Amino acid sequence: MCIIVLTRGAYMMKRLKYGWTFWLGFWMTVSGAYGQLEKVEVHYGQLEKQEKGELAALRFVQANANLVDDYACLSQIILVRHGEPTLNHKGWKNRHEAVQYTRDYDSVGVYPPSFIPLSLAPGELTVIHTSSLNRAISTAQQVFMQNELLRPDTLFREFERKIFNFPNMKLPTRLWLIGSRVLWYVGLNNKGIEKRGAAKIRARKAAGVLEQDAVKNGKTVLVAHGFLNRYLEKYLKKQGWKTVYDGGNGYLSQKMLVKYRCGGEKQY
């Protein structure tokens, strides 16, 4: 009995020893990686405060900025919302007009941008991801002027929406749109269109595509939509990405997320 107790005690001590070694190494890896992002956070945090309420171009972290020890370990993603569609969204509409408005919204381009939301260095990207909807493609064309780099994909389209059933009476356009989105969100207005669960699965897949591209090439950009971008940010943060710049949710707004993949000699 004594031998069994001693043997078991030695076994538990060994497990505890290696358990502490593992968790210590894990903590050092993660804290080291996040520690590398402190300068990046401070830099873009100051930029965000300076530009609050102003319109200015965002830029990726450059190697010569010396914000991290090993620039090759830094991955960056910038999400841009499309510009203002060439539609009059003010006033009141009946249901038939609201239905037509949503169809037009998914087909029109955007007004010329009032500012450039993202400035790229020559040759900085080989691909610019965009939604397949025209308002995102039109935005990317006008902002970057590099049509040959654009990669529209239905994966990045906005969460679908349809006007809810209601008597054909005049209501504010925003009420039709917001009401339709809220009812879709709670599962009461999704017949014939993508349901919320399916949309979330698609957003997770889209986040994975962006992460894979950013890890492989160091940086990537997507021009898409407000609702989708919020979910992309949510899922990327669950994978260890950190938002260092948040330009809000308006037209041409930008969000920048970064991840430092090296902590000491390990990756996480």
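Structure data summary
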item	result
Test item: Cα-centred dipole of segment 37-260, Lys/Arg +1 and Asp/Glu -1 on Cβ, debye	1140 debye
Over 32 Å between alpha carbons, listed pairs LYS90/LYS259; LYS191/LYS216; LYS170/LYS234; LYS170/LYS237; LYS93/LYS205; LYS49/LYS219	LYS90/LYS259; LYS191/LYS216; LYS170/LYS234; LYS170/LYS237; LYS93/LYS205
Alpha-carbon centroid distance for the pair segment 235-265 / segment 68-85, whole angstrom	7 Å
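No lab work stands behind these numbers, since they all come straight from the coordinates. As the structure is a prediction and not an experimental result, all values here were calculated from the model. We place every Cβ from the backbone using ideal geometry, glycine too, and count neighbours over all the protein chains shown.
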